[in-house]
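The structure appears right after this line, and notes come after that.
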Amino acid sequence: SVDRDDLHDGGSAHFAETVKEIKRQNANIMVECLVPDFRGDISCVNTIVESGLDVFAHNVETVESLTPFVRDRRANYRQTMSVLKAAKEVNPDLVTKSSIMLGLGETDEQVRQTMEDLRSAGVDCVTLGQYMQPTKRHLKVVEYVTPARFKHWETVGAEMGFLYTASGPLVRSSYKAGEFFISSILKKRKASI
């Protein structure tokens, strides 16, 4: 998603109308929205959650101490957690998802704490991937995380109770292998209704 801070609702109404139209055309299509934090405006979060989408995604991106250096200055770690928690409170059955980039200088303790914070916010699915410097103007990679370390975080995610954890160097928030798994979760939930 693109932040639309120029709009009074951050674009939430447009997201919601798009989801509703997709579902009107074909209710069986799984819709995931990767949304901004709407400057912490929970009414905008509610607009999205009440649209009928299947997966609410908002990325924490990094650990709390690195947030001011990694994310836009308007982004706030606690605000991100608040947005994710609010989405789950409005619709406890909604699948929620977030993503963490590794390799920016975070410690294992910080990654674990971030994952614990995500679980406390009710997040169901988490992806962890390697940060890659997109241009010379962006932050440099501090560390290339080993495949064994990524595997470790996948195990930790399962132990923490995430429904799905994808963790690997090339994993991104819209990781393909996860889409099938999340689809199966949604189908099981809908079948039990």
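Every read-out reported here was derived from the displayed coordinates using simple, explicitly stated rules and does not represent laboratory data. If you're wondering where the values come from, they're calculated on a predicted model, not measured in any experiment. Note that each Cβ is placed from the backbone with ideal geometry, even for glycine, and that neighbours are counted across all protein chains shown.
Details
- With a simple spin-label model that places each label point 7 Å from the Cα along the Cα-to-Cβ direction, the separation between Gln113 and Leu163 comes to 2.9 nm.
- Placing dummy labels 7 Å off each Cα toward the beta-carbon, the span from Thr18 to Thr146 is 4.1 nm.
- A Förster distance of 25 Å, applied to the separation of the beta-carbon atoms of Val90 and Asn28, puts the FRET efficiency at 0.60.
- Simple Cβ-charge dipole of region 15-65, Lys/Arg +1 and Asp/Glu -1, about Cα centre, in debye nearest 20: 260
- If you take all other residues with their beta carbon under 11 Å from the beta carbon of Ser65, and give Lys and Arg +1 and Asp and Glu -1, the sum is -3.
- Label-point separation in nm, Gln133 to Ser65, each point 7 Å along Cα→Cβ: 2.2
- Using distinct alpha-carbon pairs, which all enter the 1/r mean, Kirkwood radius of region 12-187 in Å: 16.5
- Ranked by the mean number of other Cβ atoms within 10 Å of their residues, highest first, the peptides 30-38, 14-22 come out as 30-38, 14-22.
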